[in-house]
Every structure is written in C-alpha cells, then in structure tokens.
Amino acid sequence: MRKLTKNDRETFLRLSEAFYASPAVLHPVPRAHHERAFEELMRSDEYAECFLLERDGRAAGFVLLAKTYSREAGGRVLWIEEVFVLPDYRSCGLGGECFREIEAYARENGFARIRLEAESDNWRALSLYERLGYVPLEYVQRVKEL
C-alpha cells in the first residue's frame with residue numbers, strides 16, 4: 001500500500017471507473033467526478049487520502065479514505081470511503097493486509113473511530129469486515145444532492 005502520487009493519475013482513473021462500474025456501488029458516476037477527486041487528492045490530504053494497493057509491482061486496487069469529526073465517537077473519524085481490489089487479486093490476503101495498514105495509520109494519526117459502509121448484498125466485503133471486528137452501526141442514512 002502506498003500513497004497516490006501525481007504520476008498515478010491514469011491508474012487512479014482506471015481503477016475508479018472500474019470500481020464505479022462494479023456491483024459494489026449503487027450507480028456509476030461521471031468521469032469528471034473521478035478527475036475532480038484526483039485533483040483534490042493532489043491538492044491536499046486535509047479531507048481525503050488515497051492509497052494504491054500493489055502486488056508484485058502492479059496496481060491491484062486502491063483505498064480512498066475521508067476524514068471527519070464526530071462527537072459521538074469522541075474525536076476524528078477515518079471513513080473508508082472506497083476499497084477496490086481488481087478481480088485477479090481477490091482472495092489472496094490483500095484486503096486483510098490493507099485493513100491492517102489502515103488501522104495502523106488511524107492509530108498513529110489519532111483517529112477515534114474507523115467507519116465504512118457496504119452494499120447489503122456485498123457478502124464478500126461484509127464477511128471480511130466482520131472477520132476484522134467491524135460491527136454494524138444501525139443508522140439509516142439519507143442523502144440530498146446539491
């Protein structure tokens with residue numbers, strides 16, 4: 001796992017578009033959203049950070065993290081916004097390794113909680129999260145697009 005750099009633009013865009021074309025998300029997003037995300041990630045790591053997952057020197061996926069504050073959690077919260085592993089690299093331990101690194105990063109940087117979400121029928125992801133000790137947070141989310 002390594003931090004995304006300016007040289008990773010095309011890799012990031014390719015992986016992002018693959019993620020948003022997968023059943024792990026509700027719907028695709030326009031390419032411009034991926035491009036704006038990359039620009040924001042290069043501008044600052046204040047709100048979000050992205051790490052490439054690599055295996056044998058090749059891009060195998062990515063993880064996008066977002067940062068927020070929660071009174072309920074008693075401090076800063078690290079949101080695992082997106083985790084994507086290319087099909088050829090699934091079920092080889094990369095996900096567990098990625099989560100160990102994320103959790104170490106969160107502890108080292110003083111986060112109080114890690115939060116994530118998944119599609120209710122994404123049983124592979126939910127099974128991994130459960131094995132790693134993540135428990136359901138029984139909120140019903142709502143969204144309003146602006």
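The values are calculated or read from the model by the stated rules, or taken from the named source; none is laboratory data. What you are looking at is a predicted structure, and each value in this text was computed from that prediction instead of being measured. Counting neighbours? That spans all protein chains shown, and the Cβs are built from the backbone with ideal geometry, glycine included. Accessible surface is based on the protein model in full, side chains and every heavy atom, while ligands, DNA and RNA are left aside. Shrake-Rupley method; radii C 1.70, N 1.55, O 1.52, S 1.80 Å.
Suppose the filter is at pLDDT 95 or above, open to solvent by 30 Å² or more (accessible area, probe 1.4 Å) and touching a Phe, Trp or Tyr at 6+ places or on another chain (Cβ under 9 Å); does Thr68 pass it? Considered against the rule, which asks whether it is at pLDDT 95 or above, open to solvent by 30 Å² or more (accessible area, probe 1.4 Å) and touching a Phe, Trp or Tyr at 6+ places or on another chain (Cβ under 9 Å), Thr68 comes out as yes. How about segment 117-146: which of its residues are open to solvent by less than 40 Å² (accessible area, probe 1.4 Å), without any contact (Cβ under 8 Å) to a residue 40 or more places away in the chain and among the hydrophobic types (A, V, I, L, M, F, W, C)? Across segment 117-146, the qualifying residue is only Leu128. Residues of segment 32-49 include none that is part of a helix (DSSP H, G or I), among the hydroxyl-bearing types (Ser, Thr, Tyr) and without any contact (Cβ under 8 Å) to a residue 24 or more places away in the chain. In summary, Ser44 fulfils each of the numbered conditions (1) of a type in the set (Ser, Thr, Tyr); (2) under 15 Å from the mean Cα position of the chain (by Cα); (3) open to solvent by 20 Å² or more (accessible area, probe 1.4 Å) with the single exception of condition (2). Sort through Phe111, Phe84 and tell me the only one that's touching a residue at least 12 places away in the same chain (Cβ under 8 Å), surrounded by 10 or more Cβ atoms within 10 Å (Cβ to Cβ) and in a strand (DSSP E or B). Residue meeting the stated conditions: Phe84.
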